[in-house]
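Taken together, the values in this text are just the output of simple stated rules run on the coordinates, not laboratory data. From a predicted model like this one, the values you see are computed outputs, not experimental measurements. Backbone-built Cβ (ideal geometry, glycine too); neighbour counts: all protein chains shown.
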Amino acid sequence: MRKVFRFLRVLILGSVMSVVACKKVSLPETPVVPVETSAPASEKVVVPENAKPPASAAGPDTKASVVVLCYHRFEEKPKDSLGLPPAEFERQMDALKEHGFTVIPMRDFLLWRRGEKALPEKSALITVDDGYRSVYEVAWPILKAREYPFTLFIYTNYVKGQPNAGGQSMSWGELAEMRDAGVDIQSHTVSHSNMKFEKGKWASKYKTGEEWLRAEMEVSKKMLEQKLGIPVGAVAYPYGVHNQRIRAAAMDAGYEVAFTTYGQRVSYHTPADQIGRYAIESGKPQIFEDAMRMIGGSGDAGTVRTNASATMVTVPAEGAVVSDPQPLVKANLASLGEVDAASLVVRVSGVGKLDVKYDAVSKLMEARFLEPIRERENVVLVSGKSGAKRFELRWTFIYEAKAGEAKAGEAKAGAPELRVPAASPAAVPTEGAGSVPGLPAVPSR
Ligand SMILES: [Zn+2]
């Protein structure tokens with residue numbers, strides 16, 4: 001039995017209009033109500049004046065592209081790469097407009113995906129993960145001033161009063177205040193565990209991994225829906241990590257779309273269970289620049305070029321200094337989806353191709369140097385195919401010979417400087433202000 005009462009609430013925020021359909025929840029034991037493909041007449045979507053007419057008459061809108069940006073914290077002096085200075089955030093928000101992007105609300109994104117709404121050809125979706133107070137205090141005023149809609153991905157254990165709450169947590173009251181002002185709120189699971197490793201704090205409470213994954217997906221959805229009286233149709237995988245089982249759990253829990261942290265141009269045809277986002281990090285302006293170039297820019301549209309994200313746990317880490325002239329190079333490619341092992345190529349600047357191995361089960365890539373490093377600054381380029389799309393990842397590490405040995409690069413003095421983004425701290429940042437376990441280290445094989 002499904003008793004669903006719906007009503008419309010129209011919130012006008014400048015030119016932005018979002019329609020929130022709330023469900024009266026009597027939670028079923030069995031799988032969640034499937035997504036309806038066509039809305040009943042009573043639920044007709046009100047189209048803002050400045051938007052294109054609904055696409056339903058002309059079929060789905062396959063022309064539009066969306067770039068999805070992912071932020072975490074906003075602070076003057078970022079304590080790791082997940083914090084962004086407010087001035088830099090403001091610069092990026094202005095740059096969106098300068099590059100001709102229209103910032104759209106999640107509601108429009110979902111309608112577009114259902115084939116019920118057209119979008120501006122260059123659209124952008126702004127998302128902020130975890131639920132730090134700095135989004136309320138710092139980012140919100142900046143977004144409000146520009147009349148940009150945005151989405152929060154909240155992991156429910158981090159909300160004030162919940163088991164993993166910390167000093168930077170937001171309260172249910174603050175979330176309700178943001179909801180009332182038209183801010184969209186979606187799920188980032190319950191415990192923010194790396195669900196691939198099944199070592200989350202909750203995992204021991206469940207008989208099977210599947211049961212645990214279901215709880216991570218469903219309990220967070222229900223809690224947000226019940227506490228805030230909202231529909232929750234989107235989830236962001238913690239650390240962007242996903243595999244077949246995690247994606248299935250997300251879809252089975254009734255989410256319409258699930259987001260990764262694999263920056264890409266999102267089209268109407270992008271698989272719903274792996275919508276890529278550009279995870280913006282301080283000290284890596286290249287990531288935002290890549291996102292801006294992804295739509296309508298030059299360059300081959302077929303290849304997604306991006307910096308390796310923190311979640312890939314690269315070895316050597318971004319910016320790390322090594323003394324071994326032939327270090328083992330590793331990365332966790334889980335966030336890229338199903339990588340075609342045969343397509344994988346690893347190159348290092350000044351050296352060329354490495355000998356690469358890839359484990360399709362663990363998604364770990366390992367590459368060995370066939371000759372020693374020559375340069376001080378080394379750019380790793382990992383390219384290959386994931387599904388129909390090509391990707392190219394890069395990161396940089398430093399080689400410094402131990403005292404007494406010849407310094408790399410001395411023989412090649414005058415070699416042109418490589419243009420690479422400034423190195424960020426070598427450490428793998430942990431999300432959640434230390435209250436959340438970081439991604440486990442890449443196990444050695
Ligand atoms: Zn997160």
A 21 angstrom limit on the alpha carbon distance is what I want to check against. Which of LYS357/LYS385; LYS196/LYS353; LYS330/LYS357; LYS196/LYS284; LYS79/LYS363; LYS160/LYS222 exceed it? LYS196/LYS353; LYS196/LYS284; LYS79/LYS363
Can you tell me how the stretch 71-174 classifies by the Cα gyration tensor, rounded, prolate or oblate, using a/c under 1.5 as the rounded cut? oblate
Say each of LYS144 and ALA342 gets a label point 7 Å from the Cα, pointing the same way as Cα to Cβ; how far apart are those two points in nm? 5.6
Among all the aspartates and glutamates, which ones have a C-alpha under 15 Å from LYS205's C-alpha, if same-chain residues fewer than 8 places away are not counted? GLU216
Please give me, ordered by residue number, the GluC sites (Glu not before Pro) of the stretch 114-148 that lie in loop per DSSP and have at most 15 other Cβ atoms within 10 Å. GLU147
Going highest first, how would you order 204-215, 329-340, 307-318 by mean Cβ packing within 10 Å? 307-318, 329-340, 204-215
Using only the Cα atoms of the stretch 138-215, build the gyration tensor, take square roots of its eigenvalues as a ≥ b ≥ c, and label the shape rounded, prolate or oblate: rounded if a/c is under 1.5, else prolate if a/b is larger than b/c, else oblate. prolate
